[in-house]
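Okay, structure first, notes after.
The values are calculated or read from the model by the stated rules, or taken from the named source; none is laboratory data. Note that the coordinates shown come from a computational prediction; the quantities given were computed from them, not determined experimentally. Cβ placement follows ideal geometry from the backbone for every residue including glycine, while neighbour counts extend to all protein chains displayed. Just the protein is used for accessible areas: all its heavy atoms, side chains included, with ligands, DNA and RNA removed. Shrake-Rupley method; radii C 1.70, N 1.55, O 1.52, S 1.80 Å.
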Amino acid sequence: MLNKIDFSQIKITSYHYYIFIMVLLCLYYVLRVYYFSPYYNKDLIVFLSVGTGDSILIKSKNDILLLDGGPSSFSTNSIYKYTENRKPSTYISSHTHSDHISGLVHALESSTFYDLFIPMVFNGTFESQKLKYTYNKGIKSSLVANDVLHVGNFNIKVIWPNSNCVSEDYNYCSLVLLVRHILGQSVLLTSDSPNKAQKLYYHQLNDVDYIKVPHQGSVYSLFPDLLKTVSPSNAIISVGENTYGHPHQKVVDYYNNQGINVYRTDEVGDVVLMFGK
Amino acid sequence: MSMIKIPNILKVYSVLIILVSICVLRILFYKTPPAKQKDFTTNIVITNPIYIKDSQKVIDTAAYKVVSYDLPYCLNKSCSKNLELGDIVKVEGDLYYTTIYANKITYLKDSALKPLYRIKDILIKTSNQMLTEPYSSLLNGMLFGTEPVVSDSYKDLLIRAGVIHVIVVSGYNISILFTIMAGLFSRYSIRVKYFLGLILVIGYSIVVGFEPPVLRALIMGILAGYGTSYGRVRNPLYIFISTLLLILIYSPSLLYSLSFQLTVCATLGILLLHNKFSILFNKFLYFKIMPNVLKNDLISSICAQLFVIPLIAYYFKKVSLVGFILNPLILWLIPLIMFIGFILIVYYLIGLNYLLPFTVILIKAPLLLFNDVVTFFATIPFGQVEITFSIKDLIVYYFLAFVFVLIVYKKVKGVNAQ
């Protein structure tokens, strides 16, 4: 059979070159994104280094959840290296302050199919109204205490706010989530929760392994009783250059004195917690 | 009385002399606008999508960058409409060079070219939905010249690697578009091809905004295309000089624009040296066996960099050395990305998105390679060096450069077949 092919008759045209190049490029893509990626098929919680603000990625199996989106349209750009270029299937906004939702609005605009959980109260800013517009499109829901979400191997329980939470301080009703991995490790995500709100829910909590320091380490969010109750061994501060003085030195000292390891996103970049094998 | 026949070259020189005289007069009588001004008011057309950076809302246009802490946004029909591409807005605030720190932004009316901006908006949104970041930003930058919605550190990385010109709109995009147009309409006569191409490229230039490099490439393309389609001999250098003079007559302030200075230097370098360098380099065996695409990119890159580097050193005090190697290595990917990207956006737009997971890899793969190669080169130590140039150094450099060009012209004889 092979003898019948006359190789001298085969002409290599520029189309052949392009097809060959495209095949090579696709092969490179598959190897690079799936085979050589350290995050492929891993259960992750990533505290993104977005400057002063919050953006947290939770990924397990095929489920990807993005909690808040940082202060800029591009804040969430770096999530895709952890998700094999897949977009989140669930978005949550903890509250409507600009340093939490600016990136979320941009991410939502570029997504097609997703679940969106929005805060119960909105302020009048441009980005907050844009988020509300997305909510008006019909994909909506607000999370309240005791609601439970499942993201692959993670079980997420809503600790705060209560269904009747109302306050002029938008931080007061911001979402607090307890994330527990199937193998037992747990993370407390406190958003910008102030100490007056912490007083109301801390007694529901038990020991956790990691805590996201509330409100970029603001002194008004330091509530020692919460820390004594959850006694974390590691704390993450999501902070960047700012004029508010975040994180407050008193807060950093308090965590250090308690023997808690503190990781700051402005110092170490993205903080990646990998769970399971 | 017999007619005196004026030689063509004299005609060219007289046109150039007239243009130069008008240009000099225009520059002499031009009053430069203030660089800093409180309570500055102007009307602008929104040509790029609004984005948020550190909680500040940014409107980027060819003339100004408008930064504001809040923008109007309406949810119901009772208040005025939301801002979108193609709207003319009145901006009031403080001017600082080309950035306006706006206190108030008010919608005035739709611009006459709103339908074009609508198409741009739809295409950008489709690209954003199709791809993840930073790939969608890279593709949008290459295709529509939109300001990339990426972090400053990623932008720095592109600058360090010397490839930022690829994702901000430049003459390169226009030249690729001209080439693609010529390929698509190759069956038609040269004049039909020229006029069809012209309409599309002018439409494209309006949509991306008349940045100096776009204006330069567009006018050069128009003049060169006109010359070719009417059988006139074209000398690119004359076309280039006429283009510059026309642009400066229209807007003398561009003389002080870095973007304009860069495009002038890069184009001049390519026009003066590309041909001779091709002949020179083809004497080397390794170069002979190199594919033409890479060969052309390498020579263009070297020619442009030779003329651009001192300007970059003068303004930024840093020069990317890796850019010399990186540009020829990856520039061949750009037409491929632009072509496949555009086809896939249209493909997605007409509702074939259920096939997308299988097809989108065709665009993600070259973008990933571009991103990876750029990241690798940008992180090479000593890839970017600090060089400081004064005005005096600039004059000496360009004087030596022109002496070098003369030597090259004297030593290297012949015309490259390409």
For the range B:38-111, what is the accessible area per residue in Å² when the probe is 1.4 Å? 50 Å²
In the range A:39-275, carbon and sulfur make up what percent of the accessible area (probe 1.4 Å)? 46 percent
Run the numbers on the range B:367-390: which residues show a drop of 50 Å² or more in accessible area, chain on its own versus all protein chains together, using a 1.4 Å probe over heavy atoms? B:L368, B:D372
Find the percent of Cα-Cα distances in the range B:38-111 that exceed 19 Å, and round it to a whole number. 28 percent
Among the listed pairs A:K59/B:K155; B:K38/B:K65; B:K36/B:K90; B:K53/B:K109, those beyond 21 Å (Cα-Cα): A:K59/B:K155; B:K53/B:K109
Roughly how many Å² of A:K42 are accessible to a 1.4 Å probe, to the nearest 10? 60 Å²
Using a 1.4 Å probe on the heavy atoms of the protein chains only, list every residue of the range A:46-75 that has 20 Å² or more less accessible area in the complete assembly than in its chain alone. A:P71, A:S72, A:S73, A:F74
Give the accessible area for B:C265 in Å² (nearest 10); use a 1.4 Å probe, count only protein heavy atoms, and leave out ligands, DNA and RNA. 20 Å²
Cα radius of gyration and Dmax for the range B:259-418 (Å): 19.4, 61
Long-range alpha-carbon pairs in the protein assembly as shown, meaning those over 44 Å apart, account in percent for 32 percent
What order, most packed first, do the peptides B:382-391, A:65-74 have when packing is the mean number of other Cβ atoms within 10 Å of each residue? A:65-74, B:382-391
Cysteines without a disulfide-compatible neighbour (Cβ-Cβ under 4.7 Å), chain A: A:C26
Within the set of other residues whose C-beta is less than 13 Å from the C-beta of B:V58, count the net charge using Lys and Arg as +1 and Asp and Glu as -1. -3
Using Cα springs under 10 Å in a Gaussian network model of chain A, which residue among A:V46, A:V23, A:V262 shows the largest mean-square fluctuation? A:V23
How well do other chains shield peptide B:133-140, expressed as the mean number of their Cβ atoms within 10 Å of each residue Cβ? 3
Taking the convex hull of the Cα atoms, report for the range A:39-275 its projected area averaged over all directions, in nm². 11.5 nm²
Taking Lys and Arg as +1 and Asp and Glu as -1, residues besides A:D192 with C-beta under 14 Å from its C-beta add up to -2
Under a 5 Å amide H to amide H cut-off, with H placed in plane at 1.01 Å, what residues pair with A:D63 once short-range neighbours are removed? A:G152
In Å, what Kirkwood hydrodynamic radius results for chain B from the alpha-carbon pair distances? 23.6 Å
Tell me, what is the percent relative contact order of chain B, built from C-alpha pairs under 8 Å that lie six or more residues apart? 16 percent
Quick one: Cα centre-to-centre distance for the range A:206-277 and the range B:289-321, in angstrom? 47 Å
Please check: in the Gaussian network model of chain B (C-alpha springs, under 10 Å), which one of B:V264, B:V403, B:V58 has the largest mean-square fluctuation. B:V403
One finds the C-alpha centres of the range A:47-70 and the range A:93-124 to be spaced, in Å, by 12 Å
Nearest-20 debye value, chain B charge dipole, Cβ charges on Lys, Arg, Asp, Glu: 1460 debye
In whole Hz, the Karplus estimates of ³J(HN,Hα) for the range B:24-38 (6.51, -1.76, 1.60; θ = phi - 60°; x where Gly or Pro) are 4, 4, 4, 5, 4, 9, 7, 9, 5, x, x, 7, 10, 7, 7
Give me a single rounded figure for B:339-351: the average over its residues of other chain Cβ atoms within 10 Å of their Cβ. 0
Provide the per residue accessible area, probe 1.4 Å, for the range B:228-356, rounded to a whole number of square angstrom. 47 Å²
Once the Cα atoms of helix B:391-411 and of chain B are each reduced to a long axis, what angle between those two axes, in degrees from 0 to 90 to the nearest 10, is obtained? 50 degrees
Keeping every protein chain in place, order B:I241, B:I350 by accessible area at 1.4 Å, biggest value first, i.e. largest first. B:I350, B:I241
The range B:171-287 - percent of accessible surface contributed by carbon and sulfur, probe 1.4 Å: 70 percent
In the A-B interface, the accessible area buried, summed over both sides, Å² (probe 1.4 Å): 3100 Å²
Could you work out how far helix B:292-316 tilts from the main Cα principal axis of chain B, as a 0 to 90 degree angle to the nearest 10? 70 degrees
Calculate for chain A the 222 nm mean residue ellipticity that helices alone would give, adding -39,500 (n - 2.57) per DSSP H run of length 4 or more and normalising by residue count, nearest 500 deg cm²/dmol. -7000 deg cm²/dmol
Note on the range B:22-68: residues buried by at least 30 Å² of accessible area once partner chains are added (vs chain on its own, 1.4 Å probe) come out as B:I52, B:D54, B:S55, B:K57
Set of lysines with alpha-carbon distance to B:K276 below 22 Å, sequence-local pairs under 8 removed: B:K288, B:K295, B:K410, B:K411, B:K413
Go through B:317-324, B:150-157, B:50-57 and give me the packing order, highest mean Cβ count within 10 Å leading. B:50-57, B:317-324, B:150-157
How tilted is helix A:126-136 with respect to the longest principal axis of chain A? Cα atoms for both, answer in degrees (0 to 90, nearest 10). 70 degrees
Other chains near A:92-99: what is the mean number of their Cβ atoms within 10 Å of each residue's Cβ? 1
